[in-house]
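The values are calculated or read from the model by the stated rules, or taken from the named source; none is laboratory data. Every value quoted in this text rests on a predicted model; they were computed, and no experiment measured them. Note that each Cβ is placed from the backbone with ideal geometry, even for glycine, and that neighbours are counted across all protein chains shown.
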Amino acid sequence: MDFRTTNSPEGRRVLAEQLARLFHERADEVDKQGKFPFENFNILMETGYTTLTVPKEYGGMDISLLELIQLQEILAEGDGSTALAVGWHMGIIKNLSEKRPWKEEVFRKVCEHTLKHGSLINSAASEKSTGSPTRGGKPQTVAVKTGEVWRLTGRKIFTTLSPVLDFVLVSASLEGRDEAGTFLVPMNTPGVSIEETWDSISMRGTGSHDLVLQDVEVNDEQLVETASGNKAPNGWLLHIPACYLGIASAAQTYAISFAKSYSPNSINGTISEIPTVRQRIGEMELLLMQSRHFLYSVARKWDESNEETRSGMLPELNAAKMSVVNTAQKIVDLAMRVVGASSLSQSNPLQRYYRDVRAGLHNPPMDDMTIQVLAASALNSKGS
């Protein structure tokens, strides 16, 4: 099983399905123990999955956004925590590949580490005092320059993948400047540590602990980006709704299997023949179909568009995330109504899907921000 030697999207989907089945076998244990799924990530790295978004010029596959979200959806059917966590790495590499905001040599080194050593990267932007970075709060993590050295001090929350990260992108306020900066920090840098604080009831296996930085020394080359205004739209963030769509699909699959096998003595046959049960299964199928068409079409448009068109896609990208994530919750709810009270049993995967799918509401962009973006778009383009 090796994604690096599989040259067709269809073949890679088959491999992803195999991985999803493996992840599904231990998803309940990961959730109950709240542990990071190291075994899953060893497999993801050994099979070359984590290299798929590396540019072809560096030896990667440079898969499309559409293929990425389809693969992520499949993995999430097996284990949502694993899919969401690896999605950040996959998406960041893809975003950097598309936009090339860094010096070429720095990006090349990160890609080479990913290819040769299975290195993983994620960003650390959220802080308790600022909330979601998408709302524009100024980082309380501070970078102070002394001579040729920057010193970073601060604490980040929700640092997903923290148990296995090799690189982290740290946002920090630059002392004496109005703009913020992003630093590429190897996790083995002195002063970098992880405090295991992740105690969420959702996505318990993402390892989203606190990142602590205490007088961490970095050089100018590691200041890879600076920004003082709004950032360009990010197609790669569609990995988020893809994950929750996969969880919803898993919920429907379980509900259908239950309906086709459960035969109470009050009826002849299984509950799959009861009209209300069939109604709910049909509604789930409709919602899944609608979500896939919406999500896939936006991803396909991103893949086929130039930079100018992409710059105007924020309303569509945000709407796709909001619609798919909220619809995923409806699907899980319908699945639980099919299964009944046993869906709340700790031994039943539906209760895990129910908890996990709620996390999507708190991944960026938030629903209220999306509605404001859509309102602004409509007001600017319609009416007299």
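Which ones in region 150-198 are of a type outside the set (A, V, I, L, M, F, W, C), under 19 Å from residue 221 (Cα atoms) and within 25 Å of the chain's Cα centre (by Cα)?
Once the filter is applied, which keeps residues that are of a type outside the set (A, V, I, L, M, F, W, C), under 19 Å from residue 221 (Cα atoms) and within 25 Å of the chain's Cα centre (by Cα), region 150-198 yields 166, 171, 181, 182, 186, 188.
Does residue 54 satisfy the condition of being more than 16 Å from the chain's Cα centre (by Cα), of a type in the set (A, V, I, L, M) and crowded, with 24+ Cβ neighbours inside 10 Å?
Yes: the conditions hold for residue 54.
Mind checking whether some residue in region 213-220 is out of contact with any helix residue (DSSP H, G or I) (no Cβ under 9 Å at 6 or more places or on another chain) and closer than 18 Å to residue 163 by Cα?
Yes, that holds for at least one residue.
Which condition number does residue 339 fail, the rest of (1) assigned to a helix (DSSP H, G or I); (2) within 29 Å of residue 126 (Cβ to Cβ) being met?
Among (1) assigned to a helix (DSSP H, G or I); (2) within 29 Å of residue 126 (Cβ to Cβ), residue 339 violates only (2).
Quick grid of which residues meet (1) closer than 16 Å to residue 365 by Cα; (2) among the acidic types (Asp, Glu); (3) over 22 Å from the mean Cα position of the chain (by Cα):
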{"site": "99", "(1), (2), (3)": "no, no, no"}
{"site": "107", "(1), (2), (3)": "no, no, no"}
{"site": "119", "(1), (2), (3)": "no, no, no"}
{"site": "123", "(1), (2), (3)": "yes, no, no"}
{"site": "138", "(1), (2), (3)": "no, no, yes"}
{"site": "141", "(1), (2), (3)": "no, no, yes"}
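Out of region 173-209, which residues are of a type in the set (D, E, K, R) and at pLDDT below 95?
Our first condition is that a residue be of a type in the set (D, E, K, R); within region 173-209, this holds for 175, 177-179, 195-196, 199, 204.
Result: 175, 177, 178, 179.
For residues in region 202-225 being under 30 Å from residue 67 (Cα atoms) and β-branched (Val, Ile, Thr), which is surrounded by the fewest Cβ atoms within 10 Å (Cβ to Cβ)?
224
Determine the pairs where a residue that is within 19 Å of residue 162 (Cα to Cα), located within region 25-38, has a partner that is assigned to a helix (DSSP H, G or I) and of a type in the set (Val, Ile, Thr) with Cβ atoms under 6 Å apart, the partner being 6 or more residues away or on another chain.
Qualifying pairs under 6 Å: 37/30; 37/82.
I need the full set of residues from region 127-150 which are of a type in the set (Ser, Thr, Tyr), surrounded by fewer than 22 Cβ atoms within 10 Å (Cβ to Cβ) and in contact (Cβ under 8 Å) with a residue 12 or more places away in the chain, in order please.
Matches in region 127-150: 132, 134.
Please give the number of the condition residue 346 fails out of (1) part of a helix (DSSP H, G or I); (2) within 30 Å of residue 27 (Cα to Cα); (3) not aliphatic (A, V, I, L, M).
Of (1) part of a helix (DSSP H, G or I); (2) within 30 Å of residue 27 (Cα to Cα); (3) not aliphatic (A, V, I, L, M), only one is false for residue 346: (1).
Scan region 253-278 residue by residue and report those that are among the polar types (S, T, N, Q), within 26 Å of residue 28 (Cβ to Cβ) and in a helix (DSSP H, G or I).
253, 257, 261, 272
Would a scan of region 85-94 turn up a residue that is surrounded by fewer than 21 Cβ atoms within 10 Å (Cβ to Cβ) and in the same structural domain as residue 44 (by TED's automatic domain parsing)? Working first, answer last.
Step one: filter region 85-94 for residues surrounded by fewer than 21 Cβ atoms within 10 Å (Cβ to Cβ), giving none.
No.
Among (1) surrounded by fewer than 17 Cβ atoms within 10 Å (Cβ to Cβ); (2) under 24 Å from the mean Cα position of the chain (by Cα); (3) assigned to a helix (DSSP H, G or I), which single condition is residue 282 missing?
Every listed condition holds for residue 282 apart from (2).
Which residues, counting only those in region 78-113, are aliphatic (A, V, I, L, M) and free of Cβ contacts under 8 Å to residues at least 40 places away in the same chain?
The one that is aliphatic (A, V, I, L, M) and free of Cβ contacts under 8 Å to residues at least 40 places away in the same chain: 96.
When you go through 75, 44, 66 one by one, which is the residue that is surrounded by fewer than 24 Cβ atoms within 10 Å (Cβ to Cβ), touching a helix residue (DSSP H, G or I) at 6+ places or on another chain (Cβ under 6 Å) and hydrophobic (A, V, I, L, M, F, W, C)?
Criteria check complete, one pass: 66.
For region 206-252, give me the residue count where each residue is over 24 Å from residue 143 (Cα atoms), in a helix (DSSP H, G or I) and of a type in the set (S, T, N, Q).
Of the residues in that region, 2 qualify.
For residue 201, work out the one condition from (1) in a loop (DSSP other than H, G, I, E, B); (2) in contact with a Leu (Cβ under 8 Å, 6 or more places away or on another chain) it doesn't fulfil.
(2)
Among residues belonging to region 1-17 that are of a type in the set (Gly, Ala, Ser) and free of Cβ contacts under 8 Å to residues at least 40 places away in the same chain, point out the one that is farthest from residue 46 (Cα to Cα).
Going through the qualifying residues, I end up with 8.
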